[in-house]
Amino acid sequence: MTGLASAGHFYENLLHLPLSNVKMESISGEKTGMKKLLFQLDTDSIPSSFDGVVAYDGGADHLLTFPNMNPDNVEGIAHGAIFTRGGKDKQNTAIFVGGSNLAQGEALFDAIQKIFFSNFRVSVMLDSNGCNTTAAAAVAKITSLGSIAGKKAVVYAGTGPVGQRGAVLLAQEGAEVILTSRKLDRAEAACQAMGQRFGVSLTPMQVSDPASTQAALDGAQIVLAAGAAGIELLPEAMWQDSATLEILADINTVPPLGVGGLEMMDKGEVRHGKKCLGGLGIGSLKMKIHRAAITRLFEANNQVFDAGAIYALAKELA
Ligand SMILES: NC(=O)c1ccc[n+]([C@@H]2O[C@H](COP(=O)([O-])OP(=O)(O)OC[C@H]3O[C@@H](n4cnc5c(N)ncnc54)[C@H](OP(=O)(O)O)[C@@H]3O)[C@@H](O)[C@H]2O)c1
């Protein structure tokens, strides 16, 4: 037995001692209303207040918030999550990984799961900058408007956390996905990283001026604009006469919007013959998914919410 495993048995036995032997307020969450604790591990120096609010709205009773988290400093905190509650009570503890950098979030998320062993685990969720919940909402909304299999989808400014996950989900739905960036090497790095993690094939493209913006759109049926807040990526004049475009989605909610001529509240409104989705049209589903995922973290101690599980939830709720 490894040192960790034997320590695990020690803790597990301790957690099942009668109350008279262990000074704990409760052993059974159901009987005593054991608090649902969410460990909010953020890769940034200031943990996301947005994620904190949604954690409470999703059913957490208390948040333990940790900034500057990375694979090298997470072990003790993960042990605090897995060695403190036993049996069914363990599902009252869960871990949320957030922050603005997706690669750092993924590394932390993976490191946490490597610390888990046998039943010494709690449910975990990755949502750096809302990457999974927002992308899942956007793609679930897109697919609710029509089939995208075999169609060309362009993810403009797809190098951010949301765009990368959005590109993955579109590809998993059978679309041929172009992921753009102002810098080709950034687009290539994002396509390679998502390809490695999810086994999807994404095509990188540099889009840095009107000509390349228009070239990316040629022959496309689907657009997902995933750029930074307040940046117009695709002016109305460029898409309104497209003969191929069917669905146009934009997740930016800060004016000017990412796609000109679209409204923030659009939930499938037809403009120039194309079905449109705006940032708030997508955002209401995103909030539902994010809250529901938090709720579900506390339903078992072994759930892993990354892109796939969160997208499945999105399909259920869309
Ligand atoms: N609707 C919702 O519910 C919801 C929820 C969460 C987030 N959001 C929004 O979703 C969007 C994407 O979020 P994110 O965190 O993935 O975005 P992000 O990382 O802030 O930005 C995405 C990409 O935008 C590009 N970009 C930045 N400045 C630009 C500029 N001046 N001109 C052109 N491109 C520029 C960058 O790509 P390159 O440098 O590679 O070109 C960047 O990687 C944001 O607008 C965010 O506010 C919406």
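The values are calculated or read from the model by the stated rules, or taken from the named source; none is laboratory data. Note that the structure is a prediction, hence the values are computed from the model and not measured. Cβ placement follows ideal geometry from the backbone for every residue including glycine, while neighbour counts extend to all protein chains displayed.
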When region 113-135 is checked residue by residue, the ones that are out of contact with any strand residue (DSSP E or B) (no Cβ under 6 Å at 6 or more places or on another chain) and aliphatic (A, V, I, L, M) are 115, 135
Filtered residues of region 82-138 (kept if among the β-branched types (Val, Ile, Thr) and within 12 Å of the ligand (Cβ to nearest atom)) = 133, 134
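Every residue in region 86-114 that is basic (Lys, Arg) and surrounded by 14 or more Cβ atoms within 10 Å (Cβ to Cβ), please.
In the first step, residues of region 86-114 are kept if they are basic (Lys, Arg); the result is 88, 90, 114.
Across region 86-114, the qualifying residues are 88, 90.
Would you point out the residue of region 264-280, among those that are out of contact with any helix residue (DSSP H, G or I) (no Cβ under 8 Å at 6 or more places or on another chain) and within 15 Å of the ligand (Cβ to nearest atom), that is farthest from residue 230 (Cα to Cα)?
First, pick out the residues of region 264-280 that are out of contact with any helix residue (DSSP H, G or I) (no Cβ under 8 Å at 6 or more places or on another chain): 269-271, 273, 276, 278-280.
Within this subset, residues satisfying the condition of being within 15 Å of the ligand (Cβ to nearest atom) are 276, 278-280.
Values: 276: 18, 278: 13, 279: 11, 280: 14 Å.
Restricting to residues being out of contact with any helix residue (DSSP H, G or I) (no Cβ under 8 Å at 6 or more places or on another chain) and within 15 Å of the ligand (Cβ to nearest atom), the top hit is 276.
Just checking: which of the helices (runs of 4 or more DSSP H) contained wholly in region 1-85 hold 1 or more residues that are in contact with a Leu (Cβ under 8 Å, 6 or more places away or on another chain), surrounded by 14 or more Cβ atoms within 10 Å (Cβ to Cβ) and at pLDDT 95 or above? Even if it seems obvious, please write down each step before you answer.
Numbers: elements: 3-15, 29-32, 49-57, 75-82.
Passing ranges, in order: 49-57, 75-82.
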Please state which one of 153, 138, 149 is out of contact with any strand residue (DSSP E or B) (no Cβ under 8 Å at 6 or more places or on another chain) and either without any contact (Cβ under 8 Å) to a residue 40 or more places away in the chain or of a type outside the set (Lys, Arg) (or both).
-> 149
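Only one residue in 260, 283 is touching a strand residue (DSSP E or B) at 6+ places or on another chain (Cβ under 7 Å) and within 15 Å of the ligand (Cβ to nearest atom), so which one is that?
On the way: 283 fails: touching a strand residue (DSSP E or B) at 6+ places or on another chain (Cβ under 7 Å).
Testing whether each residue is touching a strand residue (DSSP E or B) at 6+ places or on another chain (Cβ under 7 Å) and within 15 Å of the ligand (Cβ to nearest atom) leaves just 260.
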Close pairs from region 294-311: first in contact (Cβ under 8 Å) with a residue 12 or more places away in the chain, partner of a type in the set (D, E, K, R) and not in a strand (DSSP E or B), Cβ under 7 Å, at least 6 apart | 298/36; 301/90; 301/121; 302/121; 303/296; 307/165
